[in-house]
Amino acid sequence: MGDETATPTSTPPGPPPALTAAPGYQVRRLYQAYLAVWIRAVDPTLTGPQFAVLQAVEAAPGSDQRSMASAVSLDTSTMADVARRLENRGLIVRRTAADDGRRKLLHLTEEGERTLRDANLRARRLDERLLAPFGAEQREDIMQLFTSLADHWEGLAEDS
């Protein structure tokens, strides 16, 4: 009689077709792979949301935290946490608005500018690697599709 507890030597089954047909499953796969590559290729400590906030602050220095949250698609509580972490690392300063003590205005520090510049170079190289299998026209189509999906899905989340 064979051993009923023996581990099979064949490869494990892949995900079921119903799962692979689900857009959310494919998006999660993309995001998990992206995070793994980001950590190795861009920065092991600077997260994607932190990077997005640094880019937004560079583009609009002195803007308030709430506006920055909206600009990078973060809810206000997540934005507060991201801004606090960036401030603790010395990458941004949060100044209280003169006209409203509740508003925090964000500015990059010199270290924040350096960190963003270096990370941005690595992130653009990663973008190239991520889309390497596609020509310029296909890349444009893919980015339009991603943007359209993100806009639509965000709309669904707001309607919920």
**Prompt:** Given a cut-off of under 8 Å on Cα pairs at least six residues apart, what relative contact order in percent is computed for the chain?
**Reply:** 19
**Item:** Normalised convex hull volume, region 92-160, alpha-carbon set, Å³ per residue
**Value:** 145
**Message:** Below 15 angstrom from the Cβ of PRO133, what's the summed charge of the other residues (Lys, Arg +1; Asp, Glu -1)?
**Reply:** -3
**Message:** How big is the dipole moment of the chain about its Cα centre under a simple scheme where the beta carbon of each Lys and Arg is +1, that of each Asp and Glu is -1, and everything else is neutral? Debye, nearest 20, please.
**Reply:** 540
**Message:** If you take every residue apart from GLY62 with its C-beta less than 12 Å away from the C-beta of GLY62, what net charge results, scoring Lys and Arg +1 and Asp and Glu -1?
**Reply:** +2
**Complete:** Checking rank on 138-148, 70-80, with mean other Cβ inside 10 Å and highest first, the result is 70-80, 138-148
**Prompt:** Which listed residue (MET79, ALA97, HIS107) has the Cα farthest towards the positive end of the charge dipole for region 46-127, taking +1 on Lys and Arg C-beta and -1 on Asp and Glu C-beta about the Cα centre?
**Reply:** MET79
**Prompt:** Where does the chain land at 222 nm, in deg cm²/dmol rounded to the nearest 500, when only DSSP H runs of n ≥ 4 count, each adding -39500 (n - 2.57), divided by all residues?
**Reply:** -20000 deg cm²/dmol
**Request:** Just need the Rg to Rh number for region 46-127, please, alpha carbons only, Kirkwood Rh.
**Result:** 0.96
**Prompt:** Taking the Cα-to-Cβ direction at LEU19 and at THR96 and moving 7 Å from each Cα, how far apart do the two end points lie in nm?
**Reply:** 5.2
**Message:** I need the per residue convex hull volume for the chain, using only the alpha carbons, in cubic angstrom as a whole number.
**Reply:** 205
**Simple Cβ-charge dipole of region 46-127, Lys/Arg +1 and Asp/Glu -1, about Cα centre, in debye nearest 20** = 140
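Just so you know, all these numbers are worked out from the coordinates, no wet-lab data involved. Please read all numbers here as calculations on a predicted model, not as lab measurements. Glycine gets a Cβ as well: all are built from the backbone with ideal geometry, and neighbour counts include every protein chain shown.
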